[in-house]
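Engineer: Have a look at this one before I ask anything.
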Amino acid sequence: MSRQEHQFWETLEKQGDEVELRYARDLPDDTPEFIIRHLIQFETEVSRFCFQGLSGLVLDAGCGNGNLLVHAREQLQSRGFQAVGMDFSAMMLRRAARRRGTSPGDSFLQGCVDRLPFQDQAFDALLCSGVLTCLSSMEEAESALQEFWRVLKPGGILTVDFFNRSSHFTRLRRLAGERIEPPEYMTPEEFSTLLQGSGFRVVDQRGFDFKPFQGYLFMSRLKALDPGFVQERFTRLVETKVVPRIPRASRLGYRIYLRCQKV
């Protein structure tokens, strides 16, 4: 290890989640502390939804720098499973493997979601966060889901997310002439149909991001309109107070996670 690399990782160790969060989301250095805390809370909730109750061997397909796994291990005290983190980026995998909070039993390897390098029925559960929305075609998304079905054991659990084409600001963007199309954007009905056609039964859902405006105003010319981060406070209120009491409200979120079972 070079001296420069050693210094980098020493700095990363001291600063922890904030550094990795900025890196994974390509956030500017002047990102407000409130937004950092907001995003860490979001990832903690997502991690709880994805990992809670899992046991056996779990594949994190598209793990990036391991944010969700670290939250599961450290903050949620999730110990009842062994994790395999897979990503197409060797750099991200190196970062994930060297982070504090991962278990000595966790392993990381390079691969693609539509060509998983694993045997049939190898995993008890699989999660895929922020990946299907990045694929270039529905054919690739269908191939990935077929691969997820192949490597899961009978009755295995799949947790996966999508961007809601029916959310309020995607509707506005469509009216403005922007292309809002699968696989990046799908309606809850379209995504559920896709999962069912791939051999999965939806058993739970959790919606996130109910902000009036897409993205973060502090990164735009509109930041003066929301100096108190009102829209982040609003979406946090909906996520923590409304959605647990009215589960169907999840369908109004911009980003929706579904937990499914292989049938």
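The values are calculated or read from the model by the stated rules, or taken from the named source; none is laboratory data. Small disclaimer: the values here were computed from a predicted structure and weren't measured. We place every Cβ from the backbone using ideal geometry, glycine too, and count neighbours over all the protein chains shown. The protein model used for the area step is the full one, side chains on, heavy atoms only, and it has no ligands, DNA or RNA in it. Shrake-Rupley method; radii C 1.70, N 1.55, O 1.52, S 1.80 Å.
Engineer: Once amide H atoms are placed 1.01 Å from N in the peptide plane, what residues at a sequence separation of 5 or more from ASP204, or on another chain, have their amide H within under 5 Å of its amide H?
Structural biologist: Those qualifying (amide H under 5 Å, at least 5 residues apart or on another chain) are ARG259.
Engineer: Using 0.36 nm times the number of residues separating GLN82 and ARG201, minus their current alpha carbon distance, what extension gain do you get?
Structural biologist: Between GLN82 and ARG201, full extension yields an extra 40.4 nm.
Engineer: Continuing with the same structure: Run the numbers on the stretch 96-150 and let me know its relative contact order in percent, using alpha-carbon pairs under 8 Å that are six or more apart. Before the final figure, lay out each step's value.
Structural biologist: Numbers: 22 pairs, mean separation 23.1, N = 55.
The normalised contact order for the stretch 96-150 reaches 42 percent.
Engineer: Between MET91 and GLN52, 0.36 nm times their residue separation minus their Cα-Cα distance comes to what?
Structural biologist: Details: separation 39, 0.36 × 39 = 14.04 nm, distance 2.75 nm.
My answer for the length gained is 11.3 nm.
Engineer: List the relative contact order of the chain as a percent without decimals, with contacts defined as Cα pairs under 8 Å and 6+ residues apart.
Structural biologist: On the way: 433 pairs, mean separation 42.9, N = 263.
Contact order relative to length: 16 percent.
Engineer: Moving to a separate point now. ASP29 to SER107: extension gain in nm, 0.36 nm per residue of separation minus the Cα-Cα distance?
Structural biologist: 25.0 nm
Engineer: May I pose another question? Long-range amide H contacts for ALA83: which residues qualify at under 5 Å (H placed 1.01 Å from N, peptide plane, sequence gap of 5 or more or a different chain)?
Structural biologist: Residues meeting the criterion, in which the H sits 1.01 Å from N, are VAL58, ASP106, SER107.
Engineer: Right, next: Can you give me the accessible area per residue for the stretch 62-102, using a 1.4 Å probe, in Å²? Intermediate values should be presented prior to the final figure.
Structural biologist: Details: 1690 Å² over 41 residues.
For the stretch 62-102, the solvent-accessible area averages 41 Å² per residue.
Engineer: For the chain, give the magnitude of the charge dipole about the Cα centre (Cβ charges: +1 Lys/Arg, -1 Asp/Glu; no others), in debye to the nearest 20. Intermediate results must be reported in sequence, preceding the final value.
Structural biologist: Values: 35 positive and 34 negative charges, 141 e Å.
About 680 debye.
Engineer: In nanometres, what is the gap between the two model label sites at GLU139 and ARG98, each 7 Å from Cα along Cα-to-Cβ?
Structural biologist: Rounded to a tenth, the inter-label distance reads 3.9 nm.
Engineer: For the chain, with a Gaussian network of springs between Cα atoms less than 10 Å apart, report the residue from PHE123, PHE148, PHE213 with the top mean-square fluctuation.
Structural biologist: Of PHE123, PHE148, PHE213, the most mobile in the Gaussian network model is PHE213.
Engineer: Separate question: In the chain, what is the count of Lys pairs whose alpha carbons are under 28 Å apart, counting only pairs at least 8 residues apart or on separate chains?
Structural biologist: On the way: LYS153/LYS262; LYS211/LYS223; LYS211/LYS241; LYS223/LYS241.
Here the count comes out as 4.
Engineer: Between ARG150 and ARG179, how many nm apart are label points set 7 Å from Cα along the C-beta direction?
Structural biologist: Those two pseudo-labels are separated by 2.8 nm.
Engineer: In the chain, if the dipole is taken from +1 on Lys/Arg beta carbons and -1 on Asp/Glu beta carbons about the Cα centre, which of ALA141, GLY62, VAL230 is farthest to the positive end?
Structural biologist: My answer, from the dipole projection, is VAL230.
Engineer: Just to be sure I understand the model, the point goes 7 Å from the Cα along the line to the Cβ. What's the resulting PHE169 to VAL242 distance in nm?
Structural biologist: 1.5 nm
Engineer: What helices does the chain have that are whole DSSP H segments, at least 15 Å long along their own axis by Cα, and with mean Kyte-Doolittle hydropathy of -0.5 or more? Can you show the working numbers first?
Structural biologist: Numbers: long enough: 3-15 (18 Å, -2.12); 33-51 (27 Å, 0.39); 138-151 (20 Å, -0.53).
Membrane-span-like by this rule: 33-51.
Engineer: Next question. Per 10 Å bin, what is the whole-percent P(r) computed from every C-alpha pair distance within the chain?
Structural biologist: Whole-percent P(r) values from 0 Å outward: 7, 29, 36, 23, 6, 0.
Engineer: Further question: Taking the stretch 147-263, how much of its Cα-Cα pair set, in percent, is spaced more than 26 angstrom apart? It would help to have the intermediate numbers written out before the result.
Structural biologist: Working: 1983 of 6786 pairs.
Result: 29 percent of Cα pairs exceed 26 Å.
Engineer: Whenever you get a sec, compute what percent of the accessible area on the chain sits on carbon and sulfur atoms (1.4 Å probe). Can you show the working numbers first?
Structural biologist: Working: 6890 of 13250 Å².
Here carbon and sulfur together make up 52 percent of the probe-accessible area.
Engineer: Using amide H atoms built 1.01 Å from N in the peptide plane, name the residues 5+ places from CYS63, or on other chains, whose amide H lies under 5 Å from its own.
Structural biologist: For CYS63, the qualifying residues are MET86, ASP87.
Engineer: OK, next. Gap in Å between the Cα centre of the stretch 96-175 and the Cα centre of the stretch 46-88?
Structural biologist: Taking the Cα centre of each part, the stretch 46-88 and the stretch 96-175 sit 12 Å apart.
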